[in-house]
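These notes concern the structure reproduced below.
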Amino acid sequence: MAQPVKLNFKIYQGSTFQEVLRWESSTKVYVPITAISKSAPVVITAANHNIPIGWRARVTNVSGMKEINCSEDEYYQVTGTSTDTATINAVNSLAYTTYTGGGVLEYNQPVDLAGYTARMHIREKLESTSIILQLTTENNRIILDNVAKTITLKVNATDTAALTVPQSVYNLELVSPSGMVTSLIAGNIQLLKEVTR
């Protein structure tokens, strides 16, 4: 089983804490591209691509508009979709060469979150027995959206205002309908003191 991704957070005391995560599977999806607009932002046509908004994707092997091709580890964030198109707000293709054909839109298939639950403990240290804060799908501090394919961590401002430990640790676990537990991310949390209170 893969180790959890290390991801550190900052919580601003007295402010709502919210982080949106996306869980990619190792399965690659390759969708043929049939058109790319010369526009700002760029719009890519790839029939029935099924990429959720906010997902990362690569563009490769495009002819003509070669400027849009991604390097080996480069990804774009998809900021808008329809059934057959994907918009990438970060790309202005107005001055690019005209698209002449070919290319694929490549992304990692999202994990199906149907039936999953999630849990996350925040503790002062790894060996600490007491929990500073607990986030779960049951207490609505973790929201799993299987349509958008997102995992949202959310702690309201009243709860963050009560936090006092300056440095803490956490890990986030996802539990499948069959009971398989995946430790998805882990790391440190820095609490930044509230000035306006």
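The values are calculated or read from the model by the stated rules, or taken from the named source; none is laboratory data. All values derive from a computational prediction rather than experimental measurement. In this analysis, Cβ positions are derived from the backbone assuming ideal geometry, glycine residues included, and neighbour counts consider all displayed protein chains. When the accessible area is computed, the model is the full protein with side chains, heavy atoms only, and any ligands, DNA or RNA have been set aside. Shrake-Rupley method; radii C 1.70, N 1.55, O 1.52, S 1.80 Å.
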Just checking, how many residues over region 47-67 are out of contact with any helix residue (DSSP H, G or I) (no Cβ under 7 Å at 6 or more places or on another chain) and farther than 10 Å from TYR107 by Cβ? 11
Is it true that some residue in region 52-62 is hydroxyl-bearing (Ser, Thr, Tyr), at negative phi and open to solvent by 30 Å² or more (accessible area, probe 1.4 Å)? no
Select from region 3-34 the residues that are touching a residue at least 40 places away in the same chain (Cβ under 8 Å), surrounded by 13 or more Cβ atoms within 10 Å (Cβ to Cβ) and either in a loop (DSSP other than H, G, I, E, B) or of a type in the set (Asp, Glu) (or both) and list them in ascending order. PRO4, LEU7, GLN13, GLY14, SER15, THR16, GLU19, ARG22, TRP23, GLU24, ILE33
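Every residue, every condition in (1) open to solvent by 20 Å² or more (accessible area, probe 1.4 Å); (2) free of Cβ contacts under 8 Å to residues at least 24 places away in the same chain; (3) more than 23 Å from TRP55 (Cβ to Cβ), yes or no:
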| site | (1), (2), (3) |
| --- | --- |
| THR79 | yes, no, no |
| LEU94 | yes, no, yes |
| GLN109 | yes, no, no |
| ILE131 | yes, yes, yes |
Scan of region 159-197 for residues that are part of a loop (DSSP other than H, G, I, E, B) and open to solvent by 50 Å² or more (accessible area, probe 1.4 Å), ordered by number: ALA162, THR164, PRO166, PRO177, SER178, MET180, LYS193, VAL195, THR196, ARG197
So, first residue in a loop (DSSP other than H, G, I, E, B) in region 135-146, second residue open to solvent by 50 Å² or more (accessible area, probe 1.4 Å) and of a type in the set (A, V, I, L, M, F, W, C), Cβ within less than 8 Å, six or more apart or across chains; the pairs are THR137/ILE143; ASN146/ALA114
If ASP84 passes every condition in (1) surrounded by fewer than 19 Cβ atoms within 10 Å (Cβ to Cβ); (2) at pLDDT 95 or above; (3) closer than 30 Å to ILE142 by Cβ but one, which one does it miss? (3)
Can you pull out the residues in region 111-129 that are open to solvent by 50 Å² or more (accessible area, probe 1.4 Å) and of a type in the set (A, V, I, L, M, F, W, C)? ALA114, LEU126
